[in-house]
Structures are given as C-alpha cells and as structure tokens.
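The values are calculated or read from the model by the stated rules, or taken from the named source; none is laboratory data. Treat the numbers as computed from the prediction; the structure is a model and nothing was measured. Cβ placement follows ideal geometry from the backbone for every residue including glycine, while neighbour counts extend to all protein chains displayed. Please note that ligands, DNA and RNA were not included when accessible areas were found on the heavy atoms of the full protein model with its side chains. Shrake-Rupley method; radii C 1.70, N 1.55, O 1.52, S 1.80 Å.
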Amino acid sequence: MFGVHGSGDTSGMGGLVRRRPLPVPAERPYGSYFDETVDALAEAFPQFHEAIEMVNVDRDELTIYVRPRFIAEVCKTMRDDEALRYEFCSSVSGVDYLGERRRLHVTYHLLSMTYRRRVRLEVAVTTENPHVPTVTPVYPTADWQERETYDMFGVVFDGHPNLTRILMPDDWEGYPQRKDYPLGGVPVEYKGAEIPPPDERRAYK
C-alpha cells in the first residue's frame, strides 16, 4: 500500500525485537500501602508462601505473581478480607512473552473502593498447558474479559460458565494476539469477499 518491498510488513516494526526486562522481587519496605496489602494477604491466606511466586514493585505499581492454581482463591481473599477489600476487578487481560517458557501471562487489575487502592495480580502458563481457574464466581465482571483473553491468546479458564470466542468467529483457527501469529498473512472473508493479505495487495506509489 505504501510502496513497501520485500516481506510486505507494513507494520513499521521491520522485525524489531525488544527484550523484556525480567521482573525481580522487591525489597522491603515496598513503600506506599504495598507493605500493608502484602502483609494482610499473608495473614488472611494460609497458603501464601506456596501460592505467591514473587512480589514486584515497578513504577510505583504493585504486582503480586500468583501460581495459576491459586488465583481464584487469592482473588476471593483479596475481595473478602476486611483489611484488603479489593471489591472490583477492572480488567483481565493476556500478554504473550514469546521466548519465555511460560510465555502466556494473565493480569488482573483489582481496585479497592473501600481503601482507594489498586493492585495487579499476574499468573503465567505455558502454551502446552494454558489452564487457569476462572475468577468469574468471585468477580462477575471477569466473564467477558476471560472470554476475550481466551479468544485472543488461547488461555483456557477452567470453570468458566461459557468459555466461547467473543471477537472472532467460532470456527476461527489460532489466537490472533499471540506473538507468533502471522502478521497480515491471514486472508479475511467479509460478506462473501476475500481480502488478501497485505503483501498480495496492489501498491500505491
């Protein structure tokens, strides 16, 4: 379309690969209300040391890395404990860190309206076993957000009441937001007409 030659990659990325700085455990004191949140979770959740992989603080944001099988239980504690009261899950989203063994991550952004605090929970799974317990019974707002993460990244939320595609057609193959998904090389049908991939379209000069 813009006179690009070669691969037909019109994204502007040109094969650019950006290395992700690996998160590291934060040291005490974490600052702000972060110490209080982590301490309250440790007190309220008996399996804290088994369930929590790491606590990270970066750019004044608190992220608690949770082992996948514990995520629903941790969320219930985060919601119900009087010292925590993270009543609202504002977002569930997927991330693909291609090249890492557990490349598929799911992030949960929780908000305490009682204490006006925010926290991020994060779990990581492999593409071979992309299973995570659903948190929909704890946070009903996660229903369609988990469906979107399943649709785009292929993360399977066990126990979800209706885990079906929400953006792509039911018979769509693959997960479009995974980093190894073809860039523009997938033909798209629209009302009976097939739209060719960018490298097969005519070039405007």
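A few points about this structure:
- Residues (in contact (Cβ under 8 Å) with a residue 40 or more places away in the chain and of a type in the set (Lys, Arg)) located in region 77-102: Arg79
- Residue that is farthest from Leu110 (Cα to Cα) [pool: residues in region 81-97 that are surrounded by 19 or more Cβ atoms within 10 Å (Cβ to Cβ) and in contact with a Leu (Cβ under 9 Å, 6 or more places away or on another chain)]: Asp96
- Residue count for region 98-107 under the criterion of being open to solvent by 50 Å² or more (accessible area, probe 1.4 Å), closer than 21 Å to Asp151 by Cβ and in contact with a Ser or Thr (Cβ under 8 Å, 6 or more places away or on another chain): the result is 1.
- Those residues of region 59-80 which are over 20 Å from Ser112 (Cβ atoms) and surrounded by fewer than 18 Cβ atoms within 10 Å (Cβ to Cβ), in sequence order: Arg67, Arg69
- Taken over region 80-119, the criterion of being out of contact with any strand residue (DSSP E or B) (no Cβ under 8 Å at 6 or more places or on another chain), closer than 19 Å to Leu41 by Cβ and of a type outside the set (Asp, Glu) is satisfied by Ala83, Thr114, Tyr115, Arg116.
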